[in-house]
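Here's the structure, in structure tokens; my notes come after.
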Amino acid sequence: MTKIKRIGVLTSGGDCAGLNAVVMSVVNAATKNGWEVYGIHDGTNGLTESPLSYEVLTRQNFSDTPWPRLAGSYLGSLNSGIKKESQAEAAVRFGEGVRKLGLDAVVVVGGDGSMNIVSNYCETAGVQMVGIPKTIDNDTPLTEFSVGFNTACQVCTNALDDLMTTARSHHRALILEVMGRDAGHLAMHSAIAGFADICLVPEIPYTLKGIINKLEEIKKSGRTSALIVVSEGVKTETGEAVTAAKNMVGEKINGGIGEYLSNLINANYHGFQTRVTKLGHVQRSGNPTSFDRGLAVVLGAEAVNLLANGHTNRMVGLKHGQVTSFALKDVVEAGTTGLDANSPYVKAARTIGMYVGEE
Ligand code: F6P
């Protein structure tokens, strides 16, 4: 690999807390090496659209500003979905953009989808890439944690704390629908931290009977309220997706299972009234927790270290709590990491009496 003089950094996919701290870390580490850093706007769009959209980043962009402490992406991000047939063409434009800007490598802060799509662009266009995992879904393969997940868990946990008080006042079973796409990590971690009674995730089948039995058990114990967490990717008992909504490239948009379950419970059980809170995009906001800030800084620094040592086409991440990196092709091959139905979290939830499906 040629000696690095200039790199690009971009954030891709759904935003989350901690992205700006990652970019700050990359900029600080890279400029310390004497490299120039170009911040690419709006995910890969800044390199594939005409005119190219980017800005030169220096330490000044992030010192004396609140940016590293804020959620969202200073650079902008892209989560609209790109049609498969347009991807080959976009890869060519991506390569042209990289060469026009004279970038020796690109640091991509993204989730499973971005690692897949952008690493494809890079391979097609002969561009060196290092990935940094981020997503509130925590489904990026091989790494134990992605930046933004911990903060999203905190947002959901805070919501459960807030819901508990009103649930108790009104003797209700309150349902919290959380994001996570087809992975139940966010739901399960938040349900445990927020002391929920029921947690439904896409990876574990459930029955209405199981839900009602749990509510009845709560009622019989003398408690007058209950908390239910449901992940947006959960389907009906018979396996149908609840949403009919689609994005502009025809992919389904999750959302609505909370309302569906609420109606179903109300129609079949009268022990508790139910109400639904669909938390939505606030899960992608909130100042990053100290864990996410730490992860952001450590992974950003590691990405630059990899490049400085001539290693590319890798994604940095955590394994057994240690910073490491994985071959991008292994990350792409692994696809998406859902919640393991036998994980210690699921086992613990069951052990303490939470209904997490089946039975
Ligand atoms: O992947 C992150 C995520 O927030 C998912 O949890 C959610 O399903 C999706 O993005 C929402 O995407 P959009 O921002 O396009 O509504």
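The values are calculated or read from the model by the stated rules, or taken from the named source; none is laboratory data. The structure presented is a predicted model; accordingly, all values stated were derived computationally and were not measured. Here the Cβ is made from the backbone with ideal geometry for all residues, glycine too, and neighbour counts use every protein chain on show. Side chains are part of the model used for accessible areas, which takes the heavy atoms of the whole protein and leaves out ligands, DNA and RNA. Shrake-Rupley method; radii C 1.70, N 1.55, O 1.52, S 1.80 Å.
Tabulated data for the structure shown
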| quantity | calculated |
| --- | --- |
| Shape metrics for the range 48-125, restricted to C-alpha atoms - Rg then Dmax, Å | 14.2, 44 |
| Burial ranking of peptide ranges 305-317, 63-75, 336-348 (average Cβ count within 10 Å, highest at the top) | 305-317, 63-75, 336-348 |
| Rounded accessible area of Thr58 (nearest 10 Å², 1.4 Å probe) | 60 Å² |
| Residue-normalised accessible area of the chain, given per residue in Å² at a 1.4 Å probe | 44 Å² |
| For the range 227-256 and the range 136-161, distance of Cα centres in Å | 19 Å |
| Cα centroid separation, the range 101-116 to the range 274-346 (Å) | 15 Å |
| Protein accessible area in the chain, 1.4 Å probe - carbon and sulfur % | 50 percent |
| The range 7-74 versus the range 169-199: alpha-carbon centroid distance in Å | 33 Å |
| 37 °C / 0.692 mPa s Stokes-Einstein diffusion coefficient of the range 293-336, Kirkwood radius on C-alpha pairs, µm²/s | 300 µm²/s |
| Cα gyration tensor category, rounded, prolate or oblate, for the range 174-218 with a/c compared to 1.5 | oblate |
| Burial ranking of peptide ranges 324-334, 284-294 (average Cβ count within 10 Å, highest at the top) | 284-294, 324-334 |
| Three-way shape call for the range 84-125 based on the alpha-carbon gyration tensor, with the a/c threshold at 1.5 | oblate |
| Pair-distance profile P(r), taking every C-alpha pair of the range 1-73, with 10 angstrom steps and integer % | 20, 49, 29, 2 |
| Cβ-defined net charge surrounding Tyr38, 9 Å radius [Lys, Arg +1; Asp, Glu -1] | -1 |
| Highest average packing first - 203-210, 19-26, Cβ atoms within 10 Å | 19-26, 203-210 |
| Calculated on alpha-carbon atoms, Rg and Dmax of the chain in Å | 21.7, 70 |
| The chain: calculated mean residue ellipticity at 222 nm from DSSP helix runs of at least 4, using -39500 (n - 2.57) | -12500 deg cm²/dmol |
